[in-house]
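What follows is a set of notes on a single structure, which appears directly below.
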Amino acid sequence: MNQTPSSLFGDDFQAVLEHARDDGSAQLRLTPSPADWRDEWIYFLMIDRFNNRLRPPLHSPFDDPNFAQFQGGTFRGVTAQLPYLKELGAGAIWLSPALRNVRFEPGTYHGYGIHDFLGAEPCFAENPQHADEELRELVDAAHAQGLYVIFDIVLNHMGDAFLYQCDSQDSHCRDHGGHEASFHSAAQNVLWRDADGIPRNGTTLIEEIPNPSRDAFVWPKELQRNEFFRRQGLPGGGDDTVGDFASLKQFRTELDDVQRFLIRSYQYVIARYDVDGFRIDTLKYLKNDLARIFGNSMREFALGAGKKNFFTFGEVFDNEEKIAQFIGRHTRDRSDLVGVDAALDFPLRFTLPGVAKGFLSPATVSGMYQHRKDIEQDILSSHGDATRFFVTFLDNHDVKERIRFEDPNDSHRFDSQVTLGLACLFALQGIPCVYYGTEQGLHGRGTDEAVREALWGIPGFDRGSAFFKALRDIATVRRTKPPLRYGRQYFRPISGDGNNYGISPFAGGVLAFSRILNDQEIIVVANTNVTKDLAVDVIIDQDLSRPGDRYKVLFSNSSNPTPPNEVVQRPAGAVHVQEVDGTVRTGPLHTIHVILDPLEVQILGR
């Protein structure tokens, strides 16, 4: 068993970093990056809720919406299902946080309560004494399957490693046993908890505790200073980014030493586990430019280890304006530092599922992208245009509602909404991300735990699932058609009468867009109406088509799709077209006539 380093400056720590460096020889010690992350799509799984190869979930039912403790998923459980993920077509897996949480907190099955930033979580190991080795085995096995691995990491806070000494006015603190406190304008006294979770009454300063246990407090030892933690309780005072996340205690990330020690810790994680990217939790809470400094530091370290395209993307659970503050750099910024590469695409999440379900108009999606152009036009990432590398998704562990809705009277009535949404997701700009269990029809909603089901309980890993097959087919089209990965994106006006064209302004309408790369155009047309067939004319690129050309159906979620009619030329003055940007034109133009079943999506190409 290899011992996990306790210090950021010990010989054992430094040896791991040195071993990972690119020494100019032909053989790199770490796995090279993908040439372009748009070539991959990401499968996001929660380690505790994905699989255990040795036994069933600890709690039944597997999808209990109120169960907030460990179910027993393991690193080797994930390893056992890597062939399943490869067959599904995934190019990368994003793991929920895998680093060590305080052992006395059963509610941190999700992994976001880290207290040891250098070691793997023993609860996720079949042999807890070898957790570090089992995590590295998982990454190595994924690489052997051709899958890249992204770690979910935390910079804003640590686990519930100390309790507040409640003052007489703080009833919230007393009601929660000191695990949480109301907001205070100044730092409060705290009691650090030992390996059994019991507060130590002898001192309030962690730096004065002799022989600290590796199962408690915070590690590496350089972080063991009270002043590094805000200790002001829950958010308040007018800034909702200042304060603990419930019982998870916030770092003072504005401090230079806190930044330096966290950066060095995660550089070790890259070297020790050969990870290919980081999803950064709660990015917008970071202070004093840490988002940019951290992103740049990870990129530079990875470059020195032969990973030339290490990928970072952040969680900014907010709008375009807020996201723009935390990714890349502004073109007017004179700094040489380029920060986090991209963001989770929450603006798309706020629109696309509603459109796919017929609640919002297709114009909502085109309007979102038009707004993005305005907000992000001066933002550059290490990849150039940051927005083309946003990680897009329909649902995840934080949104309390999976994309699939199961009607209690007809369980499969709305299944096509899932495949329609996935087809659009995989065809739009960005790097698609699918939440585990989508391919098996999971449909939890209402609470965090409701969408964190133990997948290996029921339904397991059924390759015959209709959702599995559809997702695999969609992924195959994306893999074999470069415009869907790299192409320019245009939202296409449609017409019901052949004369008047515009982006559909009504809920339940038709969403149409093209991806164009050089001389290839791929067209996506989706009928979001639950009950009605729709027949529309769709504008296509006039320079890339000729009258009489025919487009093929590359994918449809209908069992019997109707191929589009041949390309028709509309002469000048014969049509009225309202474009996305508000301009009007009257032709000439080329169109195809598409007939769609309710909730049918077609991906068309030649």
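The values are calculated or read from the model by the stated rules, or taken from the named source; none is laboratory data. Everything numeric here is computed off the predicted structure, so don't read it as measured data. For neighbour counting, all protein chains shown are included, and Cβ atoms are generated from backbone atoms with ideal geometry for every residue, glycine included. We work out accessible area using only protein heavy atoms, side chains counted, and drop any ligands, DNA or RNA first. Shrake-Rupley method; radii C 1.70, N 1.55, O 1.52, S 1.80 Å.
Using a 1.4 Å probe, how large is the accessible area of residue 86, given in Å² and rounded to the nearest 10?
80 Å²
How far is the Cα center of the range 245-277 from the Cα center of the range 156-232, in Å?
First find each Cα centre; the distance between them is then 19 Å.
Are there cysteines in the chain with no second cysteine's Cβ under 4.7 Å away, and if so, which?
123, 424, 433
Whenever you get a sec, line up 576, 184 from highest to lowest accessible area (probe 1.4 Å, protein heavy atoms).
Values: 576 80, 184 30 Å².
Result of the area sort, largest leading: 576, 184.
For labels at residue 203 and residue 14 in the simple 7 Å Cα→Cβ model, what's the distance in nm?
Distance between the two pseudo-spin positions: 2.7 nm.
Taking K and R as +1 and D and E as -1, what net charge do the other residues with C-beta under 15 Å from the C-beta of residue 358 add up to?
-1
Using only the alpha-carbon atoms, how far is helix 256-273 inclined from the longest principal axis of the chain? Give it as 0 to 90 degrees, nearest 10.
70 degrees
How much net charge surrounds residue 278 when only the other residues with a Cβ under 10 Å from the Cβ of residue 278 are counted, with Lys and Arg +1 and Asp and Glu -1?
-3
Go through [x] 1.23; [y] 1.11; [z] 1.00 and flag the label whose value is the computed Rg/Rh (Cα atoms, Kirkwood Rh) for this structure.
[z]
For the range 1-52, run through the chymotrypsin sites (Phe, Trp or Tyr not before Pro) and keep only the ones in DSSP coil with at most 16 other Cβ atoms within 10 Å of their Cβ.
9
What chymotrypsin sites (Phe, Trp or Tyr not before Pro) in the range 72-123 are in a loop by DSSP, with at most 15 other Cβ atoms within 10 Å of the Cβ?
Here no loop site has a sparse enough neighbourhood.
Once amide H atoms are placed 1.01 Å from N in the peptide plane, what residues at a sequence separation of 5 or more from residue 152, or on another chain, have their amide H within under 5 Å of its amide H?
Amide H neighbours of residue 152, under 5 Å, 5+ apart: 95, 98, 279.
Hey, can you grab everything whose amide H is under 5 Å from the amide H of residue 600? Only 5+ residues off in sequence or another chain; H modelled, so Pro and N-termini drop out.
Placed amide hydrogens put 527 under 5 Å from residue 600.
Using the Cβ atoms and a cut-off under 11 Å, what net charge is assigned to the surroundings of residue 593, where Lys and Arg are +1 and Asp and Glu are -1?
With Lys, Arg at +1 and Asp, Glu at -1, the neighbours total -2.
Need one value: the accessible area of residue 371 in square angstrom, 1.4 angstrom probe, rounded to the nearest 10.
Residue 371 exposes around 70 Å² with every protein chain in place.
If the reach is capped at under 30 angstrom between alpha carbons, list the lysines near residue 221, excluding any in the same chain fewer than eight residues apart.
Filter leaves 249, 284, 287, 307.
With θ taken as phi - 60° and the coefficients 6.51, -1.76 and 1.60, list the Karplus ³J(HN,Hα) couplings across the range 215-220 in order, rounded to whole Hz; mark glycine and proline as x.
8, 9, 6, 9, 9, x
Please list the radius of gyration and Dmax for the range 65-125, considering alpha-carbon atoms only, with Å as the unit.
Final numbers for Rg and Dmax: 13.1, 38 Å.
Hey, how many Å between the Cα centroid of the range 418-480 and the Cα centroid of the range 44-117?
Centre-to-centre distance over Cα atoms comes out at 17 Å.
Which of the lysines could a cross-linker bridge to residue 469, judged by Cα under 27 Å and excluding same-chain residues fewer than eight apart?
Residue 469 reaches 86, 357, 400, 481, 532, 552.
With a 1.4 Å probe and all protein chains left in place, how much of the accessible area of the chain comes from carbon and sulfur atoms, in whole percent?
Result for the chain: 47 percent of the exposed heavy-atom area is carbon or sulfur.
With viscosity set to 0.692 mPa s and temperature to 37 °C, compute the Stokes-Einstein D of the range 551-600, Rh being the Kirkwood radius across alpha carbon pairs; µm²/s, no decimals.
Rounded, D is 253 µm²/s.
What is the angle, in °, between the Cα long axis of helix 290-304 and the longest principal axis of the Cα atoms in the chain? Nearest 10 is fine, range 0 to 90.
So the inclination is approximately 90 degrees.
Which of the trypsin sites (Lys or Arg not before Pro) across the range 510-552 are loop residues per DSSP, with 14 or fewer other Cβ within 10 Å?
On the way: sites: 515, 532, 550, 552; in loops: 532, 550.
Qualifying residues, ordered by number: 532, 550.
Computed FRET efficiency, Cβ-Cβ of residue 300 and residue 171, R0 41 Å: what is it to the nearest 0.05? Present the calculation step by step, with values, prior to reporting the outcome.
On the way: r = 48 Å, r/R0 = 1.17.
Efficiency for this residue pair is about 0.30.
Leaving ligands, DNA and RNA out of it, work out the accessible area of residue 123 with a 1.4 Å probe and give it in Å² to the nearest 10.
Solvent-accessible area, nearest 10 Å²: 70 Å².
222 nm [θ] for the chain, helices only, -39500 (n - 2.57) per DSSP H run of 4+, per residue, to 500?
It lands at -6500 deg cm²/dmol.
If you take every DSSP beta bridge whose two residues both sit in the chain, what share of them, in percent to the nearest 5, is antiparallel?
The antiparallel proportion sits near 65 percent.
Taking the chain as the reference, fit the longest principal axis to its C-alpha atoms, fit the long axis of helix 131-144 to the helix C-alpha atoms, and give the angle between the two in degrees, 0 to 90, nearest 10.
For helix 131-144, the angle is close to 20 degrees.
5 Å is the cut-off here: which amide hydrogens, built 1.01 Å from N in the peptide plane, fall below it relative to residue 312, excluding neighbours closer than 5 in sequence?
Correct list: 278, 341, 342.
Cα extents of the range 1-139 along the three principal axes, largest first, in whole Å?
53, 38, 24
Counting heavy atoms of the protein chains only and a 1.4 Å probe, report the per residue accessible area for the chain as a whole number of Å².
Result: 37 Å² per residue.
From the backbone phi of the range 466-475, what are the Karplus-calculated ³J(HN,Hα) couplings (6.51 cos²θ - 1.76 cosθ + 1.60, θ = phi - 60°) in whole Hz, Gly and Pro given as x?
Whole-Hz 3J(HN,Hα) from phi for the range 466-475: 4, 5, 4, 5, 5, 5, 4, 5, 4, 4.
Place a point 7 Å from the Cα of residue 256 along the Cα-to-Cβ direction; which residues of the range 279-323 have their backbone N under 13 Å from it?
none
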